[in-house]
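All remarks here apply to the structure that follows.
The values are calculated or read from the model by the stated rules, or taken from the named source; none is laboratory data. Predicted model, so just to flag it, every value in this text is computed and none were measured. Backbone-built Cβ (ideal geometry, glycine too); neighbour counts: all protein chains shown.
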Amino acid sequence: MGLLSFLFEARAESTNKLDELAKLPFGLMVVHTPDKVRAERGGSSGRAFTWTYKTSVTATNGSATVKEFGAFDWHDGMWMVPPGKPFTADNFAAWYSCPGAKLAEGQVFSDSSNWSGGDALRGGKMKWYFIAVTADGRKVKGEAIVGILPEVSNP
């Protein structure tokens, strides 16, 4: 597949997911700590630079079960979905220490070692999204942006 085909498909996939998210009501609160993060050389991503932060998710309108989550990368003035499939309920259960990916209202579940990676030290932002289903079968979302600083914390 050529670069233009890849970019077209990535933009179409991004638009579809953004459209899906736009139609969903909020029912989850997502917080990144810190909300702007410096890079470290190497790290968990296996790439030249890794930006590590804590991501916390809380159900705000009754209990809900996370079904999928993922991130968009801000690129050329638009949100782009990185290659690959969204993360699953099983991923959420494991990474956020949340059995069955079931969020009780008001209880905070966190991944203290969430990360974004890259081969260049660049600024930008990532928007993480989470889609869950409530006890009465409604889909809800939560999303939050983390700032990626073009600075190294361990020069």
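Annotations for the structure displayed:
- Here G62 fits the description: in a loop (DSSP other than H, G, I, E, B) and either touching a residue at least 24 places away in the same chain (Cβ under 8 Å) or more than 13 Å from the chain's Cα centre (by Cα) (or both).
A quick yes/no check of all residues on (1) crowded, with 16+ Cβ neighbours inside 10 Å; (2) within 21 Å of W79 (Cα to Cα):
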| residue | (1), (2) |
| --- | --- |
| K17 | yes, yes |
| F26 | no, yes |
| V30 | yes, yes |
| V37 | yes, yes |
| G43 | yes, no |
| T55 | yes, yes |
| T58 | yes, no |
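- Test: V146 is of a type outside the set (G, A, S), in a strand (DSSP E or B) and over 20 Å from V31 (Cβ atoms): no
- Residue that is modelled with the lowest pLDDT, among those in the range 105-120 that are surrounded by 14 or more Cβ atoms within 10 Å (Cβ to Cβ) and of a type in the set (S, T, Y): S116
Residue-by-condition table, conditions (1) at pLDDT below 90; (2) more than 27 Å from R122 (Cα to Cα); (3) in a helix (DSSP H, G or I); (4) not small (G, A, S):
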| site | (1), (2), (3), (4) |
| --- | --- |
| M1 | yes, no, no, yes |
| D19 | no, yes, yes, yes |
| L24 | no, yes, no, yes |
| M29 | no, yes, no, yes |
| V37 | no, no, no, yes |
| K54 | no, no, no, yes |
| V66 | no, yes, no, yes |
| F69 | no, no, no, yes |
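- Among the candidates L103, L121, residue that is farther than 21 Å from P25 by Cβ, in contact (Cβ under 8 Å) with a residue 12 or more places away in the chain and out of contact with any Lys or Arg (no Cβ under 7 Å at 6 or more places or on another chain): L121
- Unique residue being of a type in the set (D, E, K, R), crowded, with 18+ Cβ neighbours inside 10 Å and either at positive phi or out of contact with any Phe, Trp or Tyr (no Cβ under 8 Å at 6 or more places or on another chain) (or both) when the list is K102, K85: K102
- Members of the range 71-110 found to be within 13 Å of the chain's Cα centre (by Cα) and in a strand (DSSP E or B), listed by number: A71, F72, D73, W74, W79, M80, F87, T88, S110
- Boolean, R138 is more than 18 Å from the chain's Cα centre (by Cα) and modelled with pLDDT of 95 or more: yes
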